[in-house]
Structure formats: structure tokens, C-alpha cells
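Bear in mind that the values in this text are calculations on the coordinates, not laboratory data. In this text, all values refer to a predicted model and were calculated from it rather than measured experimentally. Here Cβ is always computed from backbone atoms with ideal geometry, including for glycine, and neighbour counts include all displayed protein chains.
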Amino acid sequence: MKNLLVMKFGGTSVGSAGRMRVSAGLAAAEQKKRPVAIVVSAMSKVTDLLLDTMRHAEAGNRNVMESNLTLLRQRHEEACRELLPPAEQGAVLAQLHDVIDEFERIVNGMAMLGERPPRSVDEAVAVGERLSTVLVSEFLRANGTPSVGVNAREVVVTDAVFGNASPLMEPTRAKARKKLLPYLEQGLLPVITGFNGASADGRPTTLGRGGSDFSASILAAALDAAELWIWTDVDGIMSADPRLVPDAQVLEEMEAAELAYNGAKVLHPRTLAPLVEKKIPVWSKNSFAPEKPGTRIVPSMAVPQGARAVASMRNVALVSLEPASAEMNGVHLMARSLDAIARADVEVLVVSSSSYRQNFCFLVREEELERSLQALESALALELAHHYVHPIQVDRNVGLLAAVGEGMQGKPGLAGRIFTAISRVQVNIIAIAQGSSELTIAVVVRRDGLEKAVKAVHAECGLGIRPPVPVFPFGQSEGRAPRGKQ
Ligand code: ADP
Ligand code: ASP
Ligand code: MG
């Protein structure tokens, strides 16, 4: 299939009938020029609603379950009525109800058992994407773009790590091509559910929160697409989270490796992996302003430019360990601890150690904290019981900030300037880690100071949008030293 374009529309890009109309329009316009396949997320907030319903089902709160189900129905019925002509609404509403009834059966089962088995959660949570897929594909069809809805369970094959599955690329490639290429050859536009897949033996799985980006890249790689466009609600990848830093600016280009750190919130962190080998170009674009160029994600940049963005994470926790006896070697303690948490499938975001007291700390996502602690407590059960190791300390009042960019080590004094900028705004630095890859300088700070620290580092590195140079009478403009990058 030559010149295939895969597009992915995030939750806000399909968040209402109006947004679906715009997104479907963007896909239909491109499809006039070349083959297009699209991957869609659930309507915004729907995944949260589904997960909330399941938590309440497990706890036996039938009232909340019922009111959530009503909301789910109303939201999709309303979109259906706005999107489709009256004569077609009945059939589409019936499809939506079938999917919602399936969800209802699963949550009723959870309520009865008082349990939320991960496998059932994955089957149920994919309902959000199935519903938006029905709406977008039916809308396209009704408006003259022949389209077909596809449940990614039929095309994305994964391992059986429920809630955070990884794709198995070979079988995915075989299945995706077998199912999707004939549609594309017939001139149909496939609309595929993001976020979900199934294990080789057919059990439903999901790819982790925000996983629709990953779905799109898996499918782009499997279909040997010419390009992947990821549509979201901001103008591209920016020099910082625009919700924290109002003068954050859109980056024209972002290197894939930098993105793994900076993009975590805009793009699912594993998104690029399937595309790197095939060198498939990726764009991050704004479906609310499609005329803007967006950010092009490139394999590597011609000239390393030093700090280019400030990434931040709020919901993290710092875990500290320290030997309590001379018999316990600090390096062994660190090796065993990291091994235990890696086996629990927890991603360590930062590690920092002190050779003098042989203590060390590492940062994990808050939602993975419980799993980390369980893994550590079981791996170090004897040492903790016999007081060879001090009790494990946890600090939840922390946030992570990372200056990201290639070639930062080549900028003397940059680390010092970053630390000074943070202390100038009176935020406590708790831990520091500089990767040997030159890509990040990571700083753990008190959580309530995170926003201030991000703003300070962003300004110190000269990353904000520059104010326009004021024009003075007689055509003179005031000479102002430009704030260079760094
Ligand atoms: P989607 O539903 O389209 O996948 P997400 O909510 O997952 O969208 O990601 C887009 C959001 O990420 C933006 O609205 C923005 O607030 C946030 N964000 C955080 N950091 C950045 C950044 N560096 N650049 C752009 N957006 C960012
Ligand atoms: N709907 C899923 C989520 O909210 C996947 C996605 O939007 O990427 O996590
Ligand atoms: Mg997302």
C-alpha cells in the first residue's frame, strides 16, 4: 500500500459531535488524495468514567454505577443524534447500545463478585474507543466517505500484561495487513479503536493510559505507512506543559529520543519505538487549528541545540533505602531493589545515590508506588525483619522536573544555572540526576514548588516565546539583547 497516511485523533479531537465532525472532515479531505486509516480514542473523559464505574461496581455502589451508565449512554446518544440524519440514527443507536450493554454486563459481574479482575477491566475499558469508532465511521459513511469500523482486538496482538500490554509486532503485522489492506485497496477508510488489543490467545488487553498514540504507531509500522499524524488539542510539542508555563512555545522539530522524556504527557512514551526502525515520519498536530504546521518528530537533529524543553511530572513518589548495618553492602542493596521493582514492571524515573552513607533513592509514578513497595518488601523481607536495612521511606510530596535536549553536557555551567534558578524561587531541591546520554538534567523538588521551578528553569534556558520588540518613533527600535537558547 503506497503513500498510506495513518492519523490518530485523541480524546478532545473526538470529544463531542462537533469535534468528531471536524476530525472526520480532516480524514476525509486527506483520503481524497491518498489512502488513509484512522485510530480514535474514546471521547474525552470517557475512559475515566468507565474506570470509575468499575471501581464503584467492585465496591458495590450500585447507585453510582447506574448514574455513570446513564451519563455514558446520554453522551453517546446525544453525539449520535447530532451527527447522523434521523433515518440512520436508529441503527447506529442500536450499535451503541449493544456495546454499552456489554459494558453493563461486565460491571454487573464485578458488582456481584466484589472484584475487578484485570482481564475484565481491559475488556470493559476498551468500550470507550469502540463507541467513538462507531460514531466516527458511521458519520464518515453517512457523509460520502465509505468507511469501516474495526476493533483493534482483531488486529493488534500483544502480550498478556493486562493494563499495560506490549505489542507482538510479527503477528500484529500479519493480522493487521490481512484485515486492513483489503479495505484500503477497496477505497474504504478504516476507523480503528485506539488503546486496545488482544493476546495471541484472544484475551482482550490495553496498552496503558494514553495508549491510543501507541496503537497508531503500531499500526503505522505494521502497514508500512508513509506518515503518521497525531492530532491533539495543542499546536504540537511545546517547550513545557502549556498549562504550567503560559509562554511555552511550539517546537518545530523534536528529536525522537528527546521526546521520550519531554513528550510523555503529549505522546504515550512508547509511541515512537515501532516507527524508529522504519523511519516513518511523525507529526503532532492540533485538530483545533489544522492549518498550523505542528511538530515534526525526527530521528535526530543536525545540530544538537542544548536545553529545548522542560518536562515535568506531578504524580510521583520518592522511595529511599539505606543499609542499617555494615554487613549490608549499599551497592548490593541497590541492585536487588532495582531488580525487584523491574520484575514488578515498574518504571524507575530517576535514581540518585550517595556513596558516603550508601543510601539511595528512586522516583516512581504514584500509581506504581504500591506495587514497588510490595516488591521491595518481599525481596528484602529478611533484611528488613533483621534490621540490616532501615525501614523504607516514602516521600509523596515531590515532583519531577527535567531539562531536555541533546548536547546539554556541551554547555558548561548549565546544570549550575538550572539549580540556581530553582533556588532563586525558593524551591527545595531533593535529588538530582544527570543522564550520561546528555539528554536530561532531572531534578526532584517539593511538589508545591514544581510549577514555580518549571517556570524558572524555562525562563533561565531562554525557552519562552520572545515578546515582540517594541517599535519606537523615528523607526528606531530599542536594542535588546536577544535571549539565545540557553
Ligand atoms: P490526546 O487526548 O489528544 O491524546 P493528551 O491530553 O494526552 O491529548 O495530550 C495533550 C495535552 O498534553 C495538552 O493539552 C497539554 O496540556 C499537555 N502537555 C503536557 N506537556 C506538554 C508539552 N510539552 N507540549 C504540549 N502539550 C503538553
Ligand atoms: N482513552 C485512553 C485513555 O484515556 C487511551 C487514549 O486516549 O490514548 O487513556
Ligand atoms: Mg494522549
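Once you keep just the Cα pairs under 8 angstrom separated by 6 or more residues, what percentage relative contact order results for segment 233-375? So the answer I get is 23 percent.
The listed peptides 28-36, 317-325, 440-448, ordered by packing as a protection proxy, come out as 440-448, 317-325, 28-36 (highest mean of other Cβ atoms within 10 Å first). For GluC sites (Glu not before Pro), the sites in segment 205-307 that DSSP calls loop and that have at most 13 other Cβ atoms within 10 Å are Glu252, Glu277, Glu291.
In percent, rounded to a whole number, the relative contact order of the chain is 13, using alpha-carbon pairs under 8 Å and six or more apart. Counting Cα-Cα pairs of segment 281-358 in 10 Å increments starting at 0 gives whole-percent bin shares of 12, 26, 23, 21, 12, 5, 1. Taking each residue as 0.36 nm, the span from Ser16 to Asp48 lengthens on full extension beyond its C-alpha to C-alpha distance by 9.9 nm. Scaled against 2.2 N^0.38 Å for its residue count N, the alpha carbon radius of gyration of the chain is 1.06.
Classify segment 76-192: rounded, prolate or oblate, from the alpha-carbon gyration tensor (a ≥ b ≥ c, eigenvalue square roots; a/c under 1.5 rounded; otherwise prolate if a/b is larger than b/c)? The partial results should precede the final answer.
Values: a/c = 3.35, a/b = 1.14, b/c = 2.95.
Oblate, since a/c reaches 1.5 and b/c is not below a/b.
Take 105-114, 190-199, 205-214 and order them by the average number of nearby Cβ atoms within 10 Å per residue, most first; the result is 190-199, 205-214, 105-114. In this rough spin-label picture, where each label sits 7 Å from Cα along the Cβ direction, the Asp345-Thr420 distance is 4.6 nm.
Here the extension length gained between Gln74 and Asn329 equals 85.8 nm, from 0.36 nm per residue of separation less the Cα-Cα distance. Taking 7 Å steps out from each Cα toward its Cβ at Gln374 and Arg105 produces label points 2.9 nm apart.
In segment 109-239, a dipole from Cβ-located charges (positive for Lys and Arg, negative for Asp and Glu) runs towards its positive end, and of Val134, Phe214, Ala111 it is Ala111 whose Cα lies farthest in that direction.
Positive contributions from Lys and Arg (+1) and negative ones from Asp and Glu (-1), summed over other residues with Cβ under 15 Å from the Cβ of Phe195, come out at 0. Taken about its Cα centre, the chain carries a charge dipole of about 1140 debye when Lys and Arg each add +1 at the Cβ and Asp and Glu each add -1 at the Cβ. The alpha-carbon of Lys452 sits under 20 angstrom from the alpha-carbons of these aspartates and glutamates, leaving out residues fewer than 8 places away in its chain: Asp241, Asp247, Asp395, Glu460.
Listed by number, the DSSP H helices of the chain that run 18 Å or longer by alpha-carbon position along their axis and have mean Kyte hydropathy of at least 0.0 are 17-31, 46-59, 86-113, 127-142, 330-343. Checking every one of the trypsin sites (Lys or Arg not before Pro) in segment 229-322 against DSSP loop status and a limit of 14 other Cβ atoms within 10 Å picks out Arg243, Lys278, Lys279. Entry note, the chain: the mean residue ellipticity at 222 nm calculated from DSSP H runs of n ≥ 4, each adding -39500 (n - 2.57), is -12500 deg cm²/dmol after division by the residues and rounding to the nearest 500. The stretch between Arg177 and Glu82, if pulled fully straight at 0.36 nm per residue, gains 30.8 nm over its current Cα-Cα span. In percent, rounded to a whole number, the relative contact order of segment 51-169 is 27, using alpha-carbon pairs under 8 Å and six or more apart. For Lys33 and Ala160, what does the FRET efficiency come to when R0 = 41 Å and r is the distance between their Cβ atoms, rounded to the nearest 0.05? My answer for the efficiency is 0.55.
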